[in-house]
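The values are calculated or read from the model by the stated rules, or taken from the named source; none is laboratory data. In this text, all values refer to a predicted model and were calculated from it rather than measured experimentally. Here the Cβ is made from the backbone with ideal geometry for all residues, glycine too, and neighbour counts use every protein chain on show. The area values use the complete protein model at the heavy-atom level, side chains included, leaving out ligands, DNA and RNA. Shrake-Rupley method; radii C 1.70, N 1.55, O 1.52, S 1.80 Å.
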Amino acid sequence: MEQRAVVAGPGPSTSSTTACAEDRASASGPGRPRNLLDLPPELLVEIFCFLPGVSLPSLAAACKKFHQILNTDTIWKRRCRLEYGVSENRRLEMVGIACRDLYIKRINPRFKSGRFVKLLPDYYNVEHRDVYTSLLHPYRNILGLWQPDIGPYGGLLNVVVDGLFIIGWMYLPPHDPRVNDAMRCKPLFQIYLCDKNKAEVECMYGHKGPHKGDIQIVKKDEFSTKCNQTDFHRMAGGRQEEFRTWLAEEWGRTLEDIFHEHMQELILMKFIYTSQYDNCLTYRRIYLPPSAPEDLIPPGLFKGTYGSHGLEIVMLSFHGTHIKVTKITGDPNVPAGQLTLHIDVTRPVQFPDIEHLRSFDKLSQIVLEVHQQVQCDQQNQEHWQESSQQNTGSLQPACNGVQEPKDHKTKAAGVSAPPETGGSEGATAGGSPAPSVPGQPFVLPVGVMARNEVYPRTCRACFYGTGLIAGHGFTSPERTPGLFVLFDEQCFGFIWLDLKSFSLYSRIEDSLRSAQAPFREAFELMLKSMQSWTS
């Protein structure tokens, strides 16, 4: 797809600008510049470097001198760097992409001695005005974080300016179960200038190098990619070789190494499903969660273990006294976009000793008591609201049928239950949790399954929460009680009581640019939209 830049904006006409410039006389004596046009060209270059790129074409139309000065590449090079982060370092080269695949193509592929030419731009001959007006400005709206529409599986795409290119990087979790390893990145497409004012889109999916592709901006916060040469995705050995190659990349192993029959079925199902999207994909914009000083830990993206489904990417965000953990990638049971964990930080769980934590039955008893209390409080709140609307009195019905005062506080198993205002004995007056003592011993209860046994043996705090489980195809979804374990700012875990399993989550530390929500309401709206995409 070809997109032509329209870099224009309201600006003064030639006559009005010249007149205004001539009317500005210097307060100093003779010999000083009387107006902007009297300034030396090198000083005007420095001044124009501070103006936004979208204003420069209007300024160039003001007069002949401005037009000549705005042909200076220094001005546009600085705008490319300041507005879009253009630098001379290319990440594609850093991750080992072959230079020949990036920079040269054979003129006549029939002959081995055919001459090679450089088709992609370089920093020595490029005109940054063309880069700004024909590449960066037209495609500025696709920069940032995106979630591909791949059914229940989702994904994480980061579109960034990379040198004189725009690159779409797909972020993949580490190989199961090494949750603490770094993320893996795979380029899906690249956009660059193939001549002076024409942008070229190339698909980088497959194993035969870049080939022709297309990008279409469908609507605000949504775009789609299309491959025009899908034969580049195919392998000589057919689907079997493609599956083995995909399996090695996705899981870091062969099918023979996976002995669990159910896991084999899930892996094969994912390959068949996702391979349908190798020629056309739609992406929806997502934002990183905003942070606040009272947050327990910085919000952000984490990678976590999900049993036979492998590692998945989630987003942790704070909402008052609650933590929401939303799936960025998913599986056939609980798809991407769904709220996988919901934590109430006003319900801290404290264990009398390490033995209560080591025993699953004792742990389960403590958490279930909190769960019952939460349900009771919710019923009381609903009854109280109904009673208030009907003006039937100032007493709140209790779940056991006995009326209690409105400010009554309940306690269960060492857990402080909050009053209706949201505060608790384990929380500050403002609703945020009180600081916990670091170094609380932690050990997984006997009988709880864990994909990764390498987890911290101390934690900062534990909280009651619920986790979302469902049958295949997201059937009969149900929120079940569990224990949220906050280890440190980089790591947390969740014990699923009904599943008797443990999920470990580790922070994604990659720097993700152009990913902040413009305002808090935009992030909240995005979360609601994500759930509707896969509901």
inquiry  = I'd like to know if segment 259-269 contains one or more residues that are touching a residue at least 24 places away in the same chain (Cβ under 8 Å), within 23 Å of the chain's Cα centre (by Cα) and open to solvent by 70 Å² or more (accessible area, probe 1.4 Å).
reply    = no
message = Take residues that are free of Cβ contacts under 8 Å to residues at least 40 places away in the same chain, open to solvent by 30 Å² or more (accessible area, probe 1.4 Å) and more than 19 Å from H322 (Cα to Cα) and tell me which of the strands (runs of 3 or more DSSP E) falling wholly in segment 457-535 contain 2 or more.
response = 475-488
inquiry  = I'd like the full set of residues that are open to solvent by less than 10 Å² (accessible area, probe 1.4 Å), touching a helix residue (DSSP H, G or I) at 6+ places or on another chain (Cβ under 9 Å) and in a strand (DSSP E or B), limited to segment 163-213.
reply    = F165, I166, I167, G168, W169, Q190, I191, Y192, A199, H211
key: Boolean, S514 is closer than 17 Å to S291 by Cα and in contact with a strand residue (DSSP E or B) (Cβ under 8 Å, 6 or more places away or on another chain)   = yes
message = Taking the criterion of being touching a Leu at 6+ places or on another chain (Cβ under 6 Å) and open to solvent by less than 20 Å² (accessible area, probe 1.4 Å), would at least one residue in segment 53-65 satisfy it?
response = yes
ask   = Pick from segment 270-294 the residues that are without any contact (Cβ under 8 Å) to a residue 24 or more places away in the chain and not β-branched (V, I, T): which of them is farthest from I142 (Cα to Cα)?
value = P293
ask   = In the list A517, A450, A461, A522, which residue meets the criterion of being in contact with a helix residue (DSSP H, G or I) (Cβ under 7 Å, 6 or more places away or on another chain), at pLDDT below 95 and not polar (S, T, N, Q)?
value = A517
